[in-house]
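Structure, as structure tokens:
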Amino acid sequence: MRIVIKIGTSTLAHKTGRLNISRVEKLCKVISDLKNKGDEIILVSSGAIGMGVGKLMLPKKPDDIPTKQAAASVGQCELMYTYDKLFAEYNHTVAQILITGEDIEHKDRCNNFKNTVCRLLELNAIPIINENDTIATNEIVIGDNDTLGAIVATTINADLLIILSDIDGLFTADPHKDDNAVLLHTVKEITKEIEDMTGGTDSNLGTGGMITKINAAKIATKAGVDMIIANGSNPDILYEIMEGKDVGTRFIAGKI
Ligand code: GLU
């Protein structure tokens, strides 16, 4: 299977923005194991801004663009250093790719992106993709990594997109506020009712929320790629997903 795994800031970092070491160690271990089993894995990793905030000891996620971009450039180094070190423990090689919305819309650049990812997979490396936050401006920004994950998954013809977040999946109502909220295991069609189940973002360092995840599900399923939202707090959940267990919320691709 060719799988794109999107890892959100809330999965990678504590609320301080500093790395959640035990979580990330376990994540890299499980992903290495899945790769050893023969799956092709591509990561779309957030966390650059969050980690930059932690490393620069900023009191909170900045609101202004220059500080956000500065934080991203510091945090991206930290992020790749961490992945490089942890995956190397299991003999895996990582590769960094930073893209913007403009790269995807530009035919040649998009082809180069696709060819590079495919070649990296042939070479048995793990491509780790993030938005090029330091140069992305309003006109070219993708803006959130849920959407980026869906764009990557559809561009490289993945079999599955897994979005790891700090929530178990899509609920009928906000589970933090409503005790009667029920987790939906399968979504066959993204109706208006499904869209109405989304709230804002809860995380203080990430960008997305349920809205961007539903948006990603629309892009992925329309292009024939199934998408799963699952809780990344225990990375073993990836084994359960690969065993076909009913965890998280699976959005079924439209058969076209
Ligand atoms: N590209 C951003 C970062 O690495 C994350 C965007 C998002 O949280 O969706 O910090």
Being over 24 Å from MET242 (Cβ atoms) and free of Cβ contacts under 8 Å to residues at least 40 places away in the same chain is true for just one of LYS85, LYS60, LYS68. Which residue is that?
LYS85
What number goes with the only condition from (1) within 16 Å of the ligand (Cβ to nearest atom); (2) within 16 Å of the chain's Cα centre (by Cα); (3) of a type in the set (Asp, Glu) that GLU40 does not pass?
(1)
Whether any residue in the stretch 139-148 is more than 20 Å from the chain's Cα centre (by Cα) and modelled with pLDDT under 95 is what I want to check.
yes
Which residues, counting only those in the stretch 1-21, are within 14 Å of ALA230 (Cβ to Cβ) and assigned to a helix (DSSP H, G or I)?
SER10, THR11
Do we have ILE65 as within 16 Å of the ligand (Cβ to nearest atom) and buried (at least 16 other Cβ atoms within 10 Å of the Cβ) here?
no
For the list (1) surrounded by 16 or more Cβ atoms within 10 Å (Cβ to Cβ); (2) at pLDDT 90 or above; (3) away from the ligand (no atom under 12 Å from the Cβ); (4) among the hydrophobic types (A, V, I, L, M, F, W, C), I need the number of the one condition that VAL182 fails.
(1)
Checking ILE135 against (1) part of a helix (DSSP H, G or I); (2) at pLDDT below 95; (3) not hydroxyl-bearing (Ser, Thr, Tyr), which single condition isn't satisfied?
(1)
Those helices (runs of 4 or more DSSP H) lying entirely in the stretch 22-109 with at least 2 residues farther than 21 Å from ILE135 by Cα and either basic (Lys, Arg) or modelled with pLDDT of 95 or more (or both)
65-88
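Condition check ((1) acidic (Asp, Glu); (2) within 30 Å of LYS29 (Cβ to Cβ); (3) surrounded by 14 or more Cβ atoms within 10 Å (Cβ to Cβ)) across all residues:
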| position | (1), (2), (3) |
| --- | --- |
| CYS110 | no, no, yes |
| ASN132 | no, yes, yes |
| ILE151 | no, yes, yes |
| ILE156 | no, yes, yes |
| GLY169 | no, yes, yes |
| ASP178 | yes, no, no |
| GLU189 | yes, no, no |
Of all residues in the stretch 118-135 being out of contact with any strand residue (DSSP E or B) (no Cβ under 6 Å at 6 or more places or on another chain) and of a type in the set (Val, Ile, Thr), which is nearest to TYR81 (Cα to Cα)?
THR134
Output the residues belonging to the stretch 138-166 that are within 14 Å of the ligand (Cβ to nearest atom), of a type outside the set (D, E, K, R) and either touching a Leu at 6+ places or on another chain (Cβ under 7 Å) or not in a strand (DSSP E or B) (or both).
ILE140, VAL141, ILE142, GLY143, ASN145, THR147, LEU148, GLY149, ALA150, ILE151, VAL152
Please verify whether the stretch 122-129 includes one or more residues that are within 16 Å of the ligand (Cβ to nearest atom), in a helix (DSSP H, G or I) and over 23 Å from LYS245 (Cα atoms).
no
Given the conditions (1) under 26 Å from GLY209 (Cβ atoms); (2) within 14 Å of the ligand (Cβ to nearest atom); (3) surrounded by fewer than 18 Cβ atoms within 10 Å (Cβ to Cβ), report the number of the one that CYS77 does not fulfil.
(1)
Considering the stretch 2-19, residues that are at pLDDT below 95 and either within 28 Å of GLU122 (Cα to Cα) or buried (at least 19 other Cβ atoms within 10 Å of the Cβ) (or both), and then whichever is nearest to the chain's Cα centre (by Cα), we arrive at GLY8
Looking at (1) within 20 Å of the chain's Cα centre (by Cα); (2) farther than 30 Å from ASP226 by Cα, which is the one condition that is false for LYS60?
(1)
Answer yes or no: is there a residue in the stretch 242-251 that is modelled with pLDDT of 95 or more, among the charged types (D, E, K, R) and assigned to a helix (DSSP H, G or I).
no
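The values are calculated or read from the model by the stated rules, or taken from the named source; none is laboratory data. Since the model is a prediction, treat every value here as computed from it, not as a measurement. No Cβ is skipped: glycine too gets one built from the backbone with ideal geometry, and neighbour counts run over all protein chains shown.
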